[in-house]
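Peer 1: Right, I'll just put the structure down here and ask away after.
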Protein chains: 4
Amino acid sequence: MQSDGRPIGLKRNPIIEEARRRQIIDAAIETVAAVGYAQASLSRIAQHARISKSVISYHFAGKDDLLEQVVTQIYDDSWKFIEAALETEDTASGKLRAYIRSNLDYLHAHRSRALAVGDIVRGHRAPDGTPRFAATTDESVVDLLTAILRQGLADGEFRDLDPQVVAVTVGQALIGVLGLWVMNPAVDLAACTTELITLFDRATRK
Amino acid sequence: MQSDGRPIGLKRNPIIEEARRRQIIDAAIETVAAVGYAQASLSRIAQHARISKSVISYHFAGKDDLLEQVVTQIYDDSWKFIEAALETEDTASGKLRAYIRSNLDYLHAHRSRALAVGDIVRGHRAPDGTPRFAATTDESVVDLLTAILRQGLADGEFRDLDPQVVAVTVGQALIGVLGLWVMNPAVDLAACTTELITLFDRATRK
Amino acid sequence: MQSDGRPIGLKRNPIIEEARRRQIIDAAIETVAAVGYAQASLSRIAQHARISKSVISYHFAGKDDLLEQVVTQIYDDSWKFIEAALETEDTASGKLRAYIRSNLDYLHAHRSRALAVGDIVRGHRAPDGTPRFAATTDESVVDLLTAILRQGLADGEFRDLDPQVVAVTVGQALIGVLGLWVMNPAVDLAACTTELITLFDRATRK
Amino acid sequence: MQSDGRPIGLKRNPIIEEARRRQIIDAAIETVAAVGYAQASLSRIAQHARISKSVISYHFAGKDDLLEQVVTQIYDDSWKFIEAALETEDTASGKLRAYIRSNLDYLHAHRSRALAVGDIVRGHRAPDGTPRFAATTDESVVDLLTAILRQGLADGEFRDLDPQVVAVTVGQALIGVLGLWVMNPAVDLAACTTELITLFDRATRK
DNA sequence: AATGAATGAGTTTTCATTCAT
DNA sequence: TATGAATGAAAACTCATTCAT
């Protein structure tokens, strides 16, 4: 529960509040990326942010709330970036290429977010094991890609493919290439990006 | 540490011993599949196996040991299945198809193993966040696929592709499709298998 | 590990902090004195201090840390007392007498400390049996006595004796007499003190 | 409780039984000497004896029983040795010298017993902290020495000393010198023996 | 005579959370 | 707005003991 000491009325300073919230969210992302969801305790997150543990309790209702905001933040943020890239393309194949490229570019620029978000979505559950995120997340990516692929099918751009399966494949391929690069930073992510674009171009065209 | 009650010598009864070991390993797999690595405590695993917590300590040196044996068991088991499928093919493209099919077939038949193994490999770390499995696992899959793809390149079967990137893509595509099916068992995994085979056939051929 | 709840910086309240630390250290001493090192669990110590078990984890990094501070505290404390007594004497024989008397007086006033410190120093070890205190403790007493005896030899006050053996003998005699009194509080510790002073006076003079 | 499987009637083989009992007792002594009472679990003792843990349960009613027999064994054994030495002397001062020498000789020959016995007597208690050995042990040594000293007083051999205090001092001096030698095997125990004999000769004579 | 298997009680430690200030 | 202090629940693990064979 959020601390009762939290002011209810007018005294809140939304600027400081927001800065702290961001700082804590960033620390949570870095911590999960570094040690994995299962080892990412509030203590460790606080330690990373160089703040007291109770500051987290003050700004967030609890661990659930924090992680929910972390995930939301990352999805919103990445979506802004990808959306802008998609808007520059009209054809489905162009959008597919733009999606792959913008996605990898974003992940390239925000490695820890990419690492953290999957871990949290998969790992964060109720004490009884019930997922706390489920469909909200991966599905939105798959849904977007599915929509692009359906458009391409309708426009006659693509061969007769199953949009959902290909969408999932694209999504996971991105994660896979990212994982490769994360484990071994020597991997040339730009080259991988080109390779993936070629691969799915061939895999989808008539 | 393994419970000190554990006999040191060779005289232990291998039948009961092995049965219990399997029972506990299976319970661990089911538990991780059901509630996720982070929630899979020894208590819960014991509860699932309907045994006392300390029976686990008796048969395994600790949580590390148990999870290591779980992963080993799954990898060994699936490898036997896949290996047999690969041996029926001579060409690289045939082997690629066989790999995709046998892998999905195995996962289809052992859903919880598929769910558990990734979670454990990703989640199980030292207290300081250092991975405990890392290379042993995903790499071996990627290495196998890379070898198949290299053979295909040498034999002139494939277009000029980057074997490692494609290998990773294939591996992750499998995980992705599996994930799709796991979240939504209504997904037609057989259809997905066919789709993936087509996809990577097109993506790799000249 | 110290509970992660523990603030890292410098801002902690030193008054409450110190009070609790002392309270816990005292409870540890009383508990070890009452039930012996091997039976002195953190539970029992917490019970004795009438606090929750986790308060100990909050203020100390662990059992090791607590016991180390217990021993340090007792040694520092007793040393202050003995040092003051030694400073009132110039001759070696005077210092020897002062050491015996002040030591027994201190132990007489703090029976549980006397009981606990030996038990902890002897009993507290790494899981593999390696001592955790060893030389730090008994040696410093022996070293002090050895120095006094060497001074007496140099000044021609004492017969030709082996300073180390006599030092050990004195040290152990004190422990022995104390043990006698501890087991049987009816023993007249003051009389024992006088007796020991006479004994070692005779044993060392020319 | 002793295992119910223990044969009650005539089938026991007292020779094998006795050999095992001794083996286990010896292992217990070595283990306590090596790692200290608090770390000397039945597992570790069994490991040391290279037998199964349950063999101990078979031959002893429990840990209490085992440790009691360990202590009894050591006291009986050392007493035989010391008694023989005392019988060669008539005067109290001769007996005192003989006691010191024979005691140190015995300890010298059985270092682990010397280490273990004190640790067990001090450490072994009921779960509530109540001692399990108490007076039985150290007292018998002190009683013997006290008797010797009383005889010397009665015969006019000694100065007017407090027999109990001196007895305790002698006993602890022996332990102290032994401890010195145990910590640092380079210490010349024979020289220490001579030194102690001189010391207490001077400390007690008229 | 011996021992593998099993277990419940108890160990230290970590954690998310609450509360008073 | 912030945080030190406290706590109960639960984690992994160890131990002496019991029991069936």
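The values are calculated or read from the model by the stated rules, or taken from the named source; none is laboratory data. Bear in mind that the values here come from a model prediction, so they are computed numbers and not experimental data. Reconstructed Cβ throughout: ideal geometry from the backbone, glycine too, with neighbour counts over all protein chains shown. Surface areas here come from the heavy atoms of the whole protein model, side chains and all, with no ligands, DNA or RNA. Shrake-Rupley method; radii C 1.70, N 1.55, O 1.52, S 1.80 Å.
Peer 1: Could you work out the percent of alpha carbon pairs in the protein assembly as shown separated by over 46 Å, rounded to a whole number? Walk me through the intermediate numbers first.
Peer 2: Details: 161509 of 339076 pairs.
Percent of Cα pairs beyond 46 Å in the protein assembly as shown: 48.
Peer 1: Restrict the search to segment B:46-113; then list the trypsin sites (Lys or Arg not before Pro) that DSSP places in a loop and that have at most 16 other Cβ atoms within 10 Å of their Cβ. Walk me through the numbers before you get to the answer.
Peer 2: Numbers: sites: B:Arg50, B:Lys53, B:Lys63, B:Lys80, B:Lys95, B:Arg97, B:Arg101, B:Arg111, B:Arg113; in loops: B:Arg50.
Those that pass, being in a loop and sparsely packed, are B:Arg50.
Peer 1: How far apart, in nm, are the 7 Å Cα→Cβ label points at A:Asp160 and D:Val55?
Peer 2: 7.6
Peer 1: Applying the Karplus parametrisation 6.51 cos²θ - 1.76 cosθ + 1.60 with θ = phi - 60° to the phi angles of segment A:189-202, what ³J(HN,Hα) value in whole Hz is obtained for each residue in order, glycine and proline being reported as x?
Peer 2: For segment A:189-202, the Karplus curve yields 5, 4, 4, 4, 4, 4, 4, 5, 4, 4, 4, 7, 5, 5 Hz.
Peer 1: Oh, and also: Taking chain B as a Gaussian network, where each spring joins two C-alpha atoms under 10 Å apart, which residue of B:Thr31, B:Thr169, B:Thr88 fluctuates the most?
Peer 2: B:Thr88
Peer 1: While we're looking at this one, here's another question. So which lysines pass the test for A:Lys95, namely a Cα distance under 16 Å, with those fewer than 8 places away in the same chain ruled out?
Peer 2: The reachable lysines, counting only those whose Cα sits under 16 Å from A:Lys95, are A:Lys80.
Peer 1: Further question: State, to one decimal in nm, how far the label point of A:Ser41 lies from the label point of A:Thr91, with both points 7 Å from Cα in the Cβ direction.
Peer 2: 5.6
Peer 1: To the nearest 20 debye, what is the magnitude of the charge dipole of chain D about its Cα centre, counting +1 on the Cβ of each Lys and Arg and -1 on the Cβ of each Asp and Glu? Mind showing how you got there, number by number?
Peer 2: On the way: 24 positive and 27 negative charges, 149 e Å.
Computed charge dipole of chain D: roughly 720 debye.
Peer 1: Mind putting a number on the dipole of the protein assembly as shown about its Cα centre? Charges go on the C-beta only, +1 for Lys and Arg and -1 for Asp and Glu, and I need it in Debye to the nearest 20. Please list the in-between numbers first.
Peer 2: Values: 96 positive and 108 negative charges, 218 e Å.
Magnitude of the dipole: close to 1040 debye.
Peer 1: Picking from A:Val168, A:Thr204, A:Phe158, whose Cα lies most toward the positive end of the charge dipole for segment A:14-204 (charges on Cβ: Lys, Arg +1; Asp, Glu -1)?
Peer 2: It is A:Val168, whose Cα lies furthest towards the positive end.
Peer 1: In terms of modelled amide H atoms, which long-range or inter-chain residues lie less than 5 Å from the amide H of A:Phe158?
Peer 2: A:Leu153
Peer 1: Find the all-direction average of the projected area of the Cα convex hull for segment B:161-205, expressing the result in square nanometres with one decimal place. Intermediate values should be presented prior to the final figure.
Peer 2: Values: hull surface 11.8 nm².
Value for segment B:161-205: 2.9 nm².
Peer 1: Could you give the Stokes-Einstein D for segment A:96-206 in µm² per second, using the C-alpha Kirkwood radius, 10 °C, 1.306 mPa s?
Peer 2: Working: Rh = 15.1 Å.
For the chosen part, D equals 105 µm²/s.
Peer 1: Pairwise over distinct Cα atoms, reciprocal of the mean inverse distance: report the Kirkwood radius of segment A:14-204 in Å, one decimal place.
Peer 2: On the way: mean 1/r = 0.0559 Å⁻¹.
It works out to 17.9 Å.
Peer 1: FRET efficiency for C:Ala126 and B:Arg22, Cβ-Cβ distance as r, R0 = 35 Å, nearest 0.05?
Peer 2: Numbers: r = 36 Å, r/R0 = 1.02.
Between C:Ala126 and B:Arg22 the formula returns 0.45.
Peer 1: Taking the full set of protein chains and a 1.4 angstrom probe, give the accessible area of B:Tyr106 in square angstrom, rounded to the nearest 10.
Peer 2: Per-residue accessible area (B:Tyr106): approximately 10 Å².
Peer 1: Per residue of segment C:77-88, what does 6.51 cos²θ - 1.76 cosθ + 1.60 with θ = phi - 60° give for ³J(HN,Hα)? Whole Hz please, x for Gly and Pro, Karplus curve as stated.
Peer 2: With coefficients 6.51, -1.76 and 1.60, one gets 4, 5, 5, 4, 5, 5, 4, 4, 5, 5, 5, 7 Hz.
Peer 1: Next up: Please give every one of the lysines within straight-line cross-link reach of B:Lys63, meaning a C-alpha to C-alpha distance under 19 Å, and leave out same-chain neighbours fewer than 8 residues apart.
Peer 2: Straight-line reach from B:Lys63, under 19 Å: B:Lys53.
Peer 1: Run through all the Cα pairs of segment C:16-95 and give the fraction in each 10 Å bin from 0, expressed as whole percent.
Peer 2: 17, 43, 19, 14, 7, 0
Peer 1: Right, something else. Once ligands and nucleic acids are excluded and a 1.4 Å probe is used, how much of D:Phe81 is accessible, expressed in Å² to the nearest 10?
Peer 2: 90
Peer 1: Something else now. Ignoring everything but the protein chains, give the 1.4 Å probe accessible area of D:Leu42 in square angstrom, nearest 10.
Peer 2: Solvent-accessible area, nearest 10 Å²: 50 Å².
Peer 1: Please work out the FRET efficiency for the pair D:Arg205 and C:Asp65, using the Cβ-Cβ distance as r and a Förster radius of 30 Å; give the result to the nearest 0.05. Don't skip to the answer; put the middle values down first.
Peer 2: Values: r = 50 Å, r/R0 = 1.68.
Between D:Arg205 and C:Asp65 the formula returns 0.05.
Peer 1: May I pose another question? Provide C:His59, B:His48 ordered by accessible surface of protein heavy atoms (probe 1.4 Å), highest first. Present the calculation step by step, with values, prior to reporting the outcome.
Peer 2: Values: C:His59 15, B:His48 100 Å².
So, going from the largest accessible area down, we get B:His48, C:His59.
Peer 1: Now, a different point. Could you derive backbone 3J(HN,Hα) for segment B:62-67 from the dihedral phi with the Karplus parameters 6.51, -1.76 and 1.60 (θ = phi - 60°), listing whole Hz in sequence and x where the residue is Gly or Pro?
Peer 2: Values per residue, Gly and Pro as x: x, 4, 3, 4, 4, 5 Hz.
Peer 1: Then there is this: For C:Gly94, what is the net charge nearby, where nearby means another residue's Cβ is under 14 Å from its Cβ and Lys, Arg count +1, Asp, Glu -1?
Peer 2: Details: positive: C:Lys95, C:Arg97, C:Arg101, C:Arg205; negative: C:Glu87, C:Glu89, C:Asp90, C:Asp155, C:Glu157, C:Asp201.
My count for the surroundings of C:Gly94 gives -2.
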